[in-house]
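The values are calculated or read from the model by the stated rules, or taken from the named source; none is laboratory data. All values derive from a computational prediction rather than experimental measurement. Cβ coordinates were reconstructed from backbone atoms using ideal geometry, including for glycine residues, and neighbour counts include every protein chain displayed.
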Amino acid sequence: MELQVVQGHQTAAGYVEILQRASLMTEGPRLCGNDWVFQQDNAAVHNARLTKEFFQENNITLLDHPACSPDLNPIENIWGWMAREVYKNGHQFQTVDALREAIFNTWSNVPTSLLETLASSMPKRLFEVINKNGGATHY
């Protein structure tokens with residue numbers, strides 16, 4: 001899906017707008033099948049009444065998981081990979097536009113194999129978090 005840029009402070013209304021712009025209701029089933037589950041962390045805008053209503057009105061199932069649990073969110077691994085790629089060899093940027101371009105280029109080149117590996121790790125991640133009673137895992 002297309003990378004979305006947040007300008008300024010994120011609000012629940014802005015978050016819902018991003019989800020709509022990303023065509024979540026059509027892209028989720030297209031990419032993952034009809035039994036797909038959406039994952040987000042427990043940021044305030046994710047738990048806002050407006051956001052919850054959006055998911056309920058659109059029949060979008062959310063993954064229920066412990067607060068502050070990056071172990072269950074593979075996007076954290078992608079952000080780490082992207083940061084290493086963007087700043088590879090100590091690369092620095094002279095302008096915000098140059099940095100933005102590098103980020104978007106890197107996003108469009110995330111290897112499919114990385115996405116597949118992270119997606120296939122989800123059952124193990126869930127199992128380990130359950131075994132650790134919500135505590136930290138090696139992920």
Considering each residue of the range 30-42, count those that are surrounded by 13 or more Cβ atoms within 10 Å (Cβ to Cβ) and not polar (S, T, N, Q), and give that number. 3
For the range 1-56, how many residues are in a loop (DSSP other than H, G, I, E, B) and under 19 Å from residue 75 (Cα atoms)? 16
Between a residue in the range 1-14 that is in contact (Cβ under 8 Å) with a residue 60 or more places away in the chain and any residue that is aromatic (Phe, Trp, Tyr) and assigned to a helix (DSSP H, G or I), which pairs come within a Cβ distance under 7 Å, given they are 6 or more apart or on different chains? 3/104; 3/107
Residues in the range 77-84: is at least one within 20 Å of residue 134 (Cβ to Cβ), within 16 Å of the chain's Cα centre (by Cα) and assigned by the TED database to the domain that holds residue 122? yes
Quick test of your reading of the structure: residue 57 fulfils all but one of (1) more than 25 Å from residue 114 (Cβ to Cβ); (2) charged (D, E, K, R); (3) touching a Pro at 6+ places or on another chain (Cβ under 8 Å). Name the failing condition by number. (3)
